[in-house]
Amino acid sequence: MRLLILGGTVFLGRALTDAALAAGHDVTHLNRGRSGTDPRVETIAFDRESIPFTVSPAGRTWDAAIDTCGYLPQVVRRSAVALRDRVGCYAFISSISAYRSFEREDFDEDSALFETPDPLPTDRTPELYGALKAGCERVVSEVYGERAFLARPGLIVGPHDPTDRFTWWPWRAAQGGRFAAPGRRERRVQFIDGRDIADWMVAMLARSASGTFHVTGPQAPLTMGELVDACVHAAGDVPAQAVWMPDEFLRQQEIAPWSAMPLWLPEGDPAWQAFMAANVSKAVAQGLVFRPLEATVRDVLAWARARATTHEWKAGLPPARETALLQAWDDAK
């Protein structure tokens, strides 16, 4: 298969490149080069925010393209239209966030999406992220019809994750001591190792598959307690103890969900109650498999330890804030 990846050098794009090369496919990157280049593959320099959008050299074709970084529908339209007669299938990495509501657990791919913003913003607008992803999906479906492949991941985790939203947990457990953990141990969580998405998508595209799929996991329900236990286990001989704090206490302490306390969304809010309870049976039936949680935690911890000690964390509690939170919890008991 001749595969074109829009992006290709950061996190999921990197995993897709690895998976495609391991499977013996020919890979081309189409990007601006701002995050570097991969010497293993051909890179075509492009900026799809430029007008007009052109891909050189003319006449090149690919069996499939994967758009890893589409954000604004009007920008995705430029690449989708420019490549319409040059790729067989156009795969777009969307998001679970494209859904309008998360009130029903086990929701499937036919659930209602946000309306496309009107007017469209000209810059990336985080508060419209889900609606913009929904708009991008509509563009790809309009341009490619049955040749459209729409992947809706939840939280993507693994080595090289630039967000720190998962990485913080194995890293924090490995520091040892008491650490804050959010809500109930039994609360359900969903995420997927980016390498599992990559392996599956490459295999699907190699057989010219299309359609819309949830790509999150694992297949069996996973709890936050099981995740934290796996992180403590990965810490090895370092004594670490999770201190579980109820949602209401964390709210009172003004702990920001999902950022200061990664993977935490307070229960009881109907707008988010099923955010991490998507039905993944459709993708599983098409071969999506998940590596063991312990393998992801181990690999993420090894990668985090290899980073510079000056790394500035984008998620998680700063040490002083966590110390104050633990003290407040002890005082409240």
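The values are calculated or read from the model by the stated rules, or taken from the named source; none is laboratory data. Here the structure is a predicted model, which means the values were calculated and not measured. Cβ: placed from backbone, ideal geometry, glycine included. Neighbour counts: every protein chain shown.
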- Item | Identity of the residue in the range 74-102, within 19 Å of the chain's Cα centre (by Cα) and assigned to a helix (DSSP H, G or I), that ends up surrounded by the most Cβ atoms within 10 Å (Cβ to Cβ) | VAL76
- Look at PRO221 and say whether it is touching a strand residue (DSSP E or B) at 6+ places or on another chain (Cβ under 6 Å) and surrounded by fewer than 21 Cβ atoms within 10 Å (Cβ to Cβ). yes
- Message: Among the residues that make up the range 274-287, is at least one of them part of a loop (DSSP other than H, G, I, E, B), more than 20 Å from the chain's Cα centre (by Cα) and small (Gly, Ala, Ser)?
- Response: no
- Within the range 36-73, restricting attention to residues that are modelled with pLDDT of 95 or more, under 22 Å from the mean Cα position of the chain (by Cα) and in a loop (DSSP other than H, G, I, E, B), which residue is nearest to LEU6 (Cα to Cα)? THR68
- Query: Got a sec? Which of GLU137, GLU127, GLU105 is surrounded by fewer than 18 Cβ atoms within 10 Å (Cβ to Cβ) and either modelled with pLDDT of 95 or more or touching a Phe, Trp or Tyr at 6+ places or on another chain (Cβ under 6 Å) (or both)?
  - Reply: GLU127
- Scan the range 306-315 and give yes if some residue there is within 15 Å of LEU227 (Cβ to Cβ), free of Cβ contacts under 8 Å to residues at least 24 places away in the same chain and assigned to a loop (DSSP other than H, G, I, E, B), otherwise no. no
- Which of the residues that make up the range 86-101 are at pLDDT 95 or above and out of contact with any strand residue (DSSP E or B) (no Cβ under 8 Å at 6 or more places or on another chain)? SER97
- Message: Condition (residue is surrounded by 13 or more Cβ atoms within 10 Å (Cβ to Cβ), acidic (Asp, Glu), farther than 24 Å from ALA220 by Cβ and in contact (Cβ under 8 Å) with a residue 12 or more places away in the chain) applied to the range 231-253: is it met by at least one residue?
- Response: yes
- Selected residue [in the same structural domain as VAL75 (by TED's automatic domain parsing), surrounded by fewer than 18 Cβ atoms within 10 Å (Cβ to Cβ), among the small types (Gly, Ala, Ser) and part of a loop (DSSP other than H, G, I, E, B)] from GLY8, GLY33: GLY33
